Amino acid sequence: MVEHTRLHEETRRPIEEGRGYPGPDESGAVVPEWVSRRAYLTPGATALIDARRRWSFRELDEAAEEAAARLWDAGVRPGHHVAILGRNSSEYVIALCALMGLGAVTIPLNTRLAPVEIAWQLKDGDVAFLLYDEDLTDLSRQALGELSGEGAPRLLSLAGVALGDEQGQKAAKAAGRASVRRPCVSFDEVQGIIYTSGTTGRPKGALLTYGNHWWSAIGSGINLGGHAGDVWLLSVPLFHVSGLSIVMRSLIHGFAVLLHERFDPAAANEAIDRQGVTIISVVSTMLSRMIEARGDRRFPPTLRAVLAGGGPVPRPLLEAALALGAPVLQTYGMTETASQAATLSPQDALRKLGSAGKPLFPVQIRVDAPLGDVGEILVKGPSVSPGYYRRLEESEKSRKDGWLLTGDLGYFDDEGYLYVVDRRADLIISGGENVYPAEVESVLKRHPAVVEAGVVPKSDPRWGQVPVAFIVAREKPTDRLAAELIQHCEEQLARYKVPAEVRFVPELPYNAAGKLARHLLQELLERKTP
């Protein structure tokens, strides 16, 4: 079992050695355990809605209590690292709540990973137990097979843990056993470890504390003006920080979560029209599909926020959404900031189109460049991860005088609004000039023949690098269309930003968070480049 330590200077060595992480102690802020506290405050309020039933906070608390008892009987103890390999479901949420009550550390796993990738995270994360969906049994066993039995975690059915069986539930209630859940949590305690997407190398396990989640939720609530009566549609993955953060905010603020197993544009639009959804979290590809599926039907006034993250949203898409009455609020954040770090406020949706807004109340953001110039975005605040599991050196390299180096590029305007330009790793330098792929993609998407666009660099003997565009077209790809798209860019961009080449593909690669996987486009380009 992993011992509890704090992240003070003198106790960071256990993290590097893989033995410890922050735990509760008397010097940290301590608050009542969230699930039971929310059930006490608003027991009858709706907590969770899925395709099968509606859960009140009291019912969610009772389910978490029973699941925690089953986990305890299976051997899970405070400090154990417990991975979850599952799709969005009420069982996932119940198990998550139970693990929080036990004081175990949750490690959500991406269901799209290959067995060898899952095995690597299980080993790197010192996972003792793996909760899995029944329909992912083969993937789970294949992942454990990659570990050759050495230190392999114990497999537990997610449904069995979360729901058990009727006979077992009756027996547990009749026994009147004492609760195994703790009454309080510390802000310094690690709630979970989320592995970064790994688009530029090996993923790293970002430590997220209860304090990180708390202050992220408080900042989001302040920005949106509270959450009274909200219904938040959760169709992004629960194994991603954007999905997890919605559950955390629900427990803290007491609003309802409408849970979809996966994103479907028609189902999302239907939920907004007929189930009272007031907030939805999306990335630009999700929003684009919703707008396309919606036709000319306006969104109802009950929809008060469409939070768009995962990278800059193309301006044409923002304009199309706003024309249908969708209040799109661009956000900026990452796993290491427990989701949002900056978000446009509702009153600025039209006036500051394209901006990610201002930092959330508890967060500080600065750009490492003069005002108005593009530079690296740095973040500081109580929602920022304390570091990476078992990676002290990388944790230290990601900080500069207490600020998190995000690797993202952006600038502030003269009113203090943040504009995110691109990832530093995606920057193309052509003839000494900076080319931001997101800017070129945005221009390409304004052309009526373009469904999706992705831009990556290609080596060039004269300019060093030149941009190349990968296009998903609405019509049959032709040389004439490629020339037309280049001309379209020439009319709206500086010459060095114009793609040197256009390649048509049937689809673009995206990771589980809905972000364009540029490294896969880069691999495709290198394979086809002589």
Original post:
Applying the selection to region 255-283, what residues are in contact with a helix residue (DSSP H, G or I) (Cβ under 6 Å, 6 or more places away or on another chain) and among the polar types (S, T, N, Q)?
Top reply: Asn269, Ser281
Subject >> Looking only at region 309-340, and only at residues there that are out of contact with any Pro (no Cβ under 8 Å at 6 or more places or on another chain) and assigned to a loop (DSSP other than H, G, I, E, B), the one that is nearest to Gly192 (Cα to Cα) >> reply: Ala338
**OP:** Could you grab me the full set of residues in region 349-367 that are crowded, with 16+ Cβ neighbours inside 10 Å and either within 23 Å of Val283 (Cβ to Cβ) or touching a strand residue (DSSP E or B) at 6+ places or on another chain (Cβ under 9 Å) (or both)?
**Re:** Ala349, Lys352, Gly354, Ser355, Ala356, Gly357, Lys358, Pro359, Leu360, Val363, Ile365, Val367
Subject >> Failed item in (1) buried (at least 20 other Cβ atoms within 10 Å of the Cβ); (2) touching a Phe, Trp or Tyr at 6+ places or on another chain (Cβ under 6 Å), with Val435 passing the rest >> reply: (2)
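Here is a yes/no grid of residues against (1) among the aromatic types (Phe, Trp, Tyr); (2) crowded, with 23+ Cβ neighbours inside 10 Å; (3) under 29 Å from Met100 (Cα atoms):
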position: Ala267; (1), (2), (3): no, no, no
position: Glu270; (1), (2), (3): no, no, no
position: Arg274; (1), (2), (3): no, no, no
position: Val277; (1), (2), (3): no, yes, yes
position: Met286; (1), (2), (3): no, no, no
position: Phe299; (1), (2), (3): yes, no, no
position: Tyr332; (1), (2), (3): yes, yes, yes
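Given the criteria of a type outside the set (S, T, N, Q), crowded, with 22+ Cβ neighbours inside 10 Å, assigned to a helix (DSSP H, G or I) and over 20 Å from the mean Cα position of the chain (by Cα), does Ala143 qualify?
Judged against the criteria, Ala143 is a match.
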Original post:
Within the set of pairs 6 or more residues apart or between chains, which connect a residue that is at pLDDT below 90 inside region 283-311 to a residue that is β-branched (Val, Ile, Thr) and part of a strand (DSSP E or B) with Cβ atoms less than 8 Å apart?
Top reply: Gly309/Val282; Gly309/Val283; Gly309/Thr331; Gly310/Val283; Gly311/Val283; Gly311/Val420
**OP:** Kindly provide the set of residues from region 416-441 that are farther than 20 Å from Pro314 by Cβ and assigned to a strand (DSSP E or B), ordered by number.
**Re:** Ile429, Ser430, Glu433
Original post:
In region 215-225, is there at least one residue being modelled with pLDDT under 95, surrounded by 17 or more Cβ atoms within 10 Å (Cβ to Cβ) and in contact with an Asp or Glu (Cβ under 9 Å, 6 or more places away or on another chain)?
Top reply: yes
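Results for (1) surrounded by fewer than 16 Cβ atoms within 10 Å (Cβ to Cβ); (2) among the charged types (D, E, K, R); (3) in a loop (DSSP other than H, G, I, E, B), shown as yes or no for each residue.
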site: Leu404; (1), (2), (3): no, no, no
site: Tyr411; (1), (2), (3): no, no, no
site: Asp414; (1), (2), (3): yes, yes, yes
site: Val443; (1), (2), (3): no, no, no
site: Arg446; (1), (2), (3): no, yes, yes
site: Ala453; (1), (2), (3): no, no, no
site: Pro457; (1), (2), (3): no, no, no
site: Arg462; (1), (2), (3): yes, yes, yes
site: Ala469; (1), (2), (3): no, no, no
Original post:
What tally of residues in region 327-342 results from selecting those that are at pLDDT 95 or above and of a type in the set (A, V, I, L, M, F, W, C)?
Top reply: 3
Original post:
In this structure, is Glu166 at pLDDT below 90, of a type outside the set (Phe, Trp, Tyr), on the phi < 0 side of the Ramachandran plot and buried (at least 16 other Cβ atoms within 10 Å of the Cβ)?
Top reply: no
Original post:
Which residues, taken from region 475-491, are in contact with a helix residue (DSSP H, G or I) (Cβ under 9 Å, 6 or more places away or on another chain) and surrounded by 15 or more Cβ atoms within 10 Å (Cβ to Cβ)?
Top reply: Leu485, His488, Cys489
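Here's the yes/no breakdown for (1) closer than 20 Å to Tyr332 by Cα; (2) of a type outside the set (Val, Ile, Thr):
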{"residue": "Ile377", "(1), (2)": "yes, no"}
{"residue": "Lys380", "(1), (2)": "yes, yes"}
{"residue": "Leu405", "(1), (2)": "yes, yes"}
{"residue": "Gly416", "(1), (2)": "yes, yes"}
{"residue": "Ile428", "(1), (2)": "no, no"}
{"residue": "His447", "(1), (2)": "no, yes"}
Original post:
Since Leu427 meets every condition but one in (1) modelled with pLDDT under 90; (2) more than 21 Å from Lys515 (Cβ to Cβ), which condition does it not meet?
Top reply: (2)
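Pull up region 94-116, narrow it to residues that are part of a helix (DSSP H, G or I) and touching a residue at least 40 places away in the same chain (Cβ under 8 Å), then point me to the one that is surrounded by the fewest Cβ atoms within 10 Å (Cβ to Cβ).
Within region 94-116, the match that is surrounded by the fewest Cβ atoms within 10 Å (Cβ to Cβ) is Leu102.
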**OP:** Search region 488-502 for residues that are under 11 Å from Val440 (Cβ atoms) and at pLDDT below 85 and pair each with any residue that is crowded, with 16+ Cβ neighbours inside 10 Å and among the hydroxyl-bearing types (Ser, Thr, Tyr) when their beta-carbon atoms are under 7 Å apart and the residues are at least 6 apart or on different chains.
**Re:** Tyr496/Ser430
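Looking at Arg289, Arg298, Arg351, Arg366 in this structure, which one is in a strand (DSSP E or B) and among the charged types (D, E, K, R)? Full working, then the answer.
Values: Arg289 fails: in a strand (DSSP E or B); Arg298 fails: in a strand (DSSP E or B); Arg351 fails: in a strand (DSSP E or B).
Of Arg289, Arg298, Arg351, Arg366, the one residue that is in a strand (DSSP E or B) and among the charged types (D, E, K, R) is Arg366.
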Subject >> Selection within region 455-511 - of a type in the set (D, E, K, R) and within 20 Å of Leu427 (Cα to Cα) >> reply: Lys458, Asp460, Arg462, Glu490, Arg495, Lys497, Glu501, Arg503
**OP:** List the number of the failed condition for Ser36; all other conditions in (1) closer than 21 Å to Ala271 by Cβ; (2) in contact with a Pro (Cβ under 8 Å, 6 or more places away or on another chain); (3) among the small types (Gly, Ala, Ser) hold.
**Re:** (1)
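For Leu60, state whether it is outside any loop (DSSP other than H, G, I, E, B), out of contact with any Phe, Trp or Tyr (no Cβ under 9 Å at 6 or more places or on another chain) and not assigned by TED's automatic domain parsing to the domain that holds Asn511.
Values: outside any loop (DSSP other than H, G, I, E, B): yes; out of contact with any Phe, Trp or Tyr (no Cβ under 9 Å at 6 or more places or on another chain): yes; not assigned by TED's automatic domain parsing to the domain that holds Asn511: yes.
In short, yes.
The values are calculated or read from the model by the stated rules, or taken from the named source; none is laboratory data. All of these numbers come straight from a predicted model, not from anything done at the bench. Using ideal geometry, Cβ is built from the backbone for each residue, glycine included, and neighbour counts are taken over all protein chains shown.
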